[in-house]
Amino acid sequence: FLDPIAVPIIIHRNDIEKIAPLWLTKTVEIRADMDNWLNGWWNTSVSGVQLGWTAEMFGYVFAASELGIRHEIWALQSVPKVHQQLDTPIIHFHVDVPLSNGKTWYKHWDNAGETIIWPLPADTNEVTRTFLTKIKQAYDTIGPSNYTWPN
């Protein structure tokens, strides 16, 4: 049985000790099998994150299943673009964050930490407003990373 889980995962240390070695093995197997991936698994119009980005999440699910470890599913996260009201303790920003003014923020951009849309449109929902406000506050506090991505 595969539990329909994703991040975040709250797990007991005894369970993670059991899962971790097989989780790594499954993740490596998934990434090594790229030649057999369906075209859609690479296509960003099908999935914004692609299997290469989420292989470790699938590796975790497969490892837990193989070991018979089951999960309780809790609503712990709100997602910009999916949820309008902030009623969970975590904001998970795994997708692009479009705004009504036609601008978009996306975490996969090399300069995502410095390309912060501001000011936000007045009609921005609570989840997106909270998330982008926190990103801006962090940037204002910490400043640019000055990191240069390797080619």
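Work out, step by step, the length gained on full extension between ARG70 and LYS107: first 0.36 nm times the residue separation, then minus their alpha carbon distance; give nm to one decimal. The partial results should precede the final answer.
Numbers: separation 37, 0.36 × 37 = 13.32 nm, distance 3.06 nm.
Fully extending the segment from ARG70 to LYS107 adds 10.3 nm.
Helix-derived [θ] at 222 nm for the chain: sum -39500 (n - 2.57) over DSSP H runs of at least 4, divide by residue count, nearest 500?
Values: 3 runs with 55 residues, N = 151.
It comes out at -12500 deg cm²/dmol, rounded to the nearest 500.
Please report, in debye to the nearest 20, how large the charge dipole of the chain is about its Cα centre when each Lys and Arg carries +1 at its beta carbon and each Asp and Glu carries -1 there.
Numbers: 11 positive and 16 negative charges, 53 e Å.
Result for the chain is approximately 260 debye, rounded to the nearest 20.
Can you list residues from other chains, or at least 5 along the same chain, whose modelled amide H is less than 5 Å from the amide H of ILE91?
It is SER78, by chain and number.
Take the Cβ-Cβ distance between LYS136 and ILE10 as r, set R0 to 30 Å, and report the resulting FRET efficiency rounded to the nearest 0.05.
Values: r = 28 Å, r/R0 = 0.95.
Given R0 = 30 Å and the Cβ-Cβ separation, E is 0.60.
Excluding residues fewer than 8 places away in the same chain, name every one of the lysines whose C-alpha is closer than 23 Å to that of LYS107.
LYS81, LYS134, LYS136
Debye sum, Cα scatterers, the chain, no solvent: what log₁₀ I/I(0) at q = 0.09, 0.10, 0.18 1/Å?
The calculated log intensity ratios at q = 0.09, 0.10, 0.18 Å⁻¹ are -0.39, -0.48, -1.21.
Mind checking which of GLN77, ASN146, LEU67 is farthest towards the positive end of the chain's charge dipole, using Cβ charges of +1 (Lys, Arg) and -1 (Asp, Glu) about the Cα centre?
After comparing all options, I get ASN146.
Counting only complete DSSP H runs, which helices of the chain cover 20 Å or more along their long axis at the Cα atoms and score a mean Kyte-Doolittle of 0.0 or above? All intermediate terms of the calculation are to be shown ahead of the outcome.
Details: long enough: 13-32 (28 Å, -0.29); 50-67 (26 Å, 0.54); 126-142 (24 Å, -0.31).
Both cut-offs are met by 50-67.
Work from the charge dipole of the chain (Cβ charges, +1 for Lys and Arg, -1 for Asp and Glu, about the Cα centre) and give the residue of THR88, PHE131, ASN36 farthest towards its positive end.
Projecting each Cα onto the dipole axis, the largest value belongs to PHE131.
Give me the tail of P(r) for segment 44-120 as a percent: Cα-Cα pairs with distance above 14 Å.
Working: 2157 of 2926 pairs.
More than 14 Å apart: 74 percent of the Cα pairs in segment 44-120.
Using only alpha carbon positions, build the gyration tensor of segment 89-151, then give the equivalent ellipsoid semi-axes as the square roots of 5 times its eigenvalues, largest first, whole angstrom.
They are 21, 13, 12 Å, listed largest first.
If we sort 88-101, 1-14 on the protection proxy, mean other Cβ atoms within 10 Å, highest first, what's the order? Each step should come with its number before you reach the end.
Numbers: 88-101: 15.9, 1-14: 11.1.
Highest mean packing first, the order is 88-101, 1-14.
Values in this text are rule-based calculations from the coordinates and carry no lab data. This is a predicted model, so every value here is computed, not measured. Here the Cβ is made from the backbone with ideal geometry for all residues, glycine too, and neighbour counts use every protein chain on show.
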